[in-house]
1. Short version: what are the Cα gyration tensor semi-axes of the chain, square root of 5 times each eigenvalue, largest first, in whole Å?
2. What 222 nm value per residue comes from the helices of the chain, counting each DSSP H run with n ≥ 4 as -39,500 (n - 2.57) and dividing by all residues, nearest 500 deg cm²/dmol?
3. With an 8 Å cut-off on Cα pairs and a minimum separation of 6 or more residues, tell me the relative contact order of the chain in percent.
4. What number do you get for the stretch 60-134 when its Cα radius of gyration is normalised by 2.2 N^0.38 Å, N = residues?
5. Fully extended, how many nm does the chain gain between Cys96 and Glu122 (0.36 nm per residue separation, minus their Cα-Cα distance)?
6. Which FRET efficiency, nearest 0.05, do Glu64 and Val129 yield, Cβ-Cβ r, R0 30 Å?
7. Pairs of lysine in the chain with Cα under 27 Å and at least 8 positions apart or on different chains: total?
8. How much length, in nm to one decimal, is gained on full extension between Val10 and Ser53, taken as 0.36 nm per residue of separation minus their Cα-Cα distance?
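Read-outs throughout are calculated quantities, based only on the coordinates presented, and are distinct from any laboratory measurement. Small disclaimer: the values here were computed from a predicted structure and weren't measured. Note that we place each Cβ from the backbone using ideal geometry, even for glycine, and neighbour counts take in every protein chain shown.
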Amino acid sequence: MKRGWVYSGVLGAEELRQLIESTPGRVLLSWELARLDFPSSLELRDAGCAFNSGLEIRWERVTEGRYRVWVLSDGERNDLPDALKSIDGDWEISECETRLLNLEDKRFAPQFERYPVANAPEVQLVCRVFYRDKLATFVSPREVKTDAQKSER
């Protein structure tokens, strides 16, 4: 397994917004009690995540304008806000791929019709599993793929 890095702390809304905006090629998913979707613009709801092929930023509102933030990274980060500290432990990562719910399946009522990036109702999600001292702790998304992309590899 490869080494992973996990950081956490509390950030204000503007600091979090800047951190997310500094993440190139990101996919954004955010939610609150009545809504879960992939917004086209940065919207800090009660919780959410932004990810790309090298990291995931997760957040959860703790008070008005303040968010508990986790950064799950494939590499060491020296460019994070000072409030985000490295979490102790022996962090390792492995890769996995999973198929997400088919949005056209009539048994479910998703709040969106297409997954982002692939613009399709059915996709695979490439993830990293983060282990802390050999215990699986986080599953972190990295890439959205279609069956066509999978067969190209």
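1. Working: eigenvalues 130, 86, 36 Å².
The equivalent ellipsoid of the chain has semi-axes of 26, 21, 13 Å.
2. Numbers: 2 runs with 15 residues, N = 153.
Rounded to the nearest 500, the figure is -2500 deg cm²/dmol.
3. Numbers: 319 pairs, mean separation 37.5, N = 153.
It comes to 25 percent, rounded to a whole number.
4. Dividing the Cα Rg of the stretch 60-134 by 2.2 N^0.38 Å gives 1.51.
5. Values: separation 26, 0.36 × 26 = 9.36 nm, distance 1.72 nm.
So the chain would gain 7.6 nm between Cys96 and Glu122.
6. Numbers: r = 33 Å, r/R0 = 1.12.
In this case the efficiency is close to 0.35.
7. Numbers: Lys2/Lys85; Lys2/Lys134; Lys2/Lys145; Lys2/Lys150; Lys85/Lys134; Lys106/Lys145; Lys106/Lys150.
Going through the chain pair by pair, I get 7.
8. Numbers: separation 43, 0.36 × 43 = 15.48 nm, distance 2.38 nm.
Fully extending the segment from Val10 to Ser53 adds 13.1 nm.
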